[in-house]
1. Which condition does LEU70 not pass, out of (1) touching a strand residue (DSSP E or B) at 6+ places or on another chain (Cβ under 7 Å); (2) surrounded by 19 or more Cβ atoms within 10 Å (Cβ to Cβ); (3) at pLDDT below 80, if it passes all the others?
2. (1) surrounded by 14 or more Cβ atoms within 10 Å (Cβ to Cβ); (2) assigned by TED's automatic domain parsing to the domain that holds VAL52; (3) more than 14 Å from the chain's Cα centre (by Cα): which one isn't true of ARG98, the others all being true?
3. Give, as residue ranges, the helices (runs of 4 or more DSSP H) completely inside region 97-165 that count at least 3 residues that are free of Cβ contacts under 8 Å to residues at least 60 places away in the same chain, within 19 Å of GLN69 (Cβ to Cβ) and not acidic (Asp, Glu).
4. Within region 84-94, is even one residue charged (D, E, K, R), at pLDDT 85 or above and either part of a strand (DSSP E or B) or under 23 Å from LEU41 (Cα atoms) (or both)?
5. Would you check which residues across region 42-64 are touching a residue at least 24 places away in the same chain (Cβ under 8 Å) and outside any strand (DSSP E or B) and list them?
6. Could we say that ARG116 is among the basic types (Lys, Arg) and touching a Phe, Trp or Tyr at 6+ places or on another chain (Cβ under 6 Å) here?
Amino acid sequence: MAALVGGLLLMGGAPSPMAIHKYFQWRKKEVQFKYQAKTTLGRLERQGLIYVEERGGKQYARTTKTGEQLMALSKGMARARRWDKRWRVVLFDIPERRRAVRDGLRRFMSDYGFVRLQDSVWIYPHDCEESIELAKAHFRLGASVLYMITEALEGDAHLRQHFSL
């Protein structure tokens, strides 16, 4: 549970889990929160990613089904992987009227570890097709997002350095 809430905070654009750790007391797979964390948790609750329950005069955050699905998107974010010398490129064209969705996708890409090449072109060195498919489903994007795998990229030295490849 603690890992789920930590990941949700990461997905919601909050500071890193290590920065947030100081606000929490970890107890038996539940998170008891202090006053300083209420803003972040309130935002996650408004987004439908968590719900707050009160027991014994204390409040606890629990993930919703939607929150758990969003956590599935971030699976493997911190895993060290061996590079197969292929770049994963994600392109999207999301209209201005869906700006919030577009910004949510950009936040997801950034949190996942992608590097932005252009506003709607992002790149990553490891397999992430499943996570992109889940993101497309979560944000209801369908054909607005394209996933490509390429073996050559002109001028990729700065990317190799960024990803320590």
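The values are calculated or read from the model by the stated rules, or taken from the named source; none is laboratory data. Quantities reported herein were computed from a predicted structural model and do not represent experimental measurements. Cβ: placed from backbone, ideal geometry, glycine included. Neighbour counts: every protein chain shown.
1. With respect to (1) touching a strand residue (DSSP E or B) at 6+ places or on another chain (Cβ under 7 Å); (2) surrounded by 19 or more Cβ atoms within 10 Å (Cβ to Cβ); (3) at pLDDT below 80, LEU70 is out only on (1).
2. In the conditions (1) surrounded by 14 or more Cβ atoms within 10 Å (Cβ to Cβ); (2) assigned by TED's automatic domain parsing to the domain that holds VAL52; (3) more than 14 Å from the chain's Cα centre (by Cα), ARG98 misses (2) alone.
3. In region 97-165, 99-112, 129-139 are the helices (runs of 4 or more DSSP H) which contain 3 or more residues that are free of Cβ contacts under 8 Å to residues at least 60 places away in the same chain, within 19 Å of GLN69 (Cβ to Cβ) and not acidic (Asp, Glu).
4. Looking through region 84-94, at least one residue is charged (D, E, K, R), at pLDDT 85 or above and either part of a strand (DSSP E or B) or under 23 Å from LEU41 (Cα atoms) (or both).
5. ARG43, LEU44, GLN47, LEU49
6. Judged against the criteria, ARG116 is a match.
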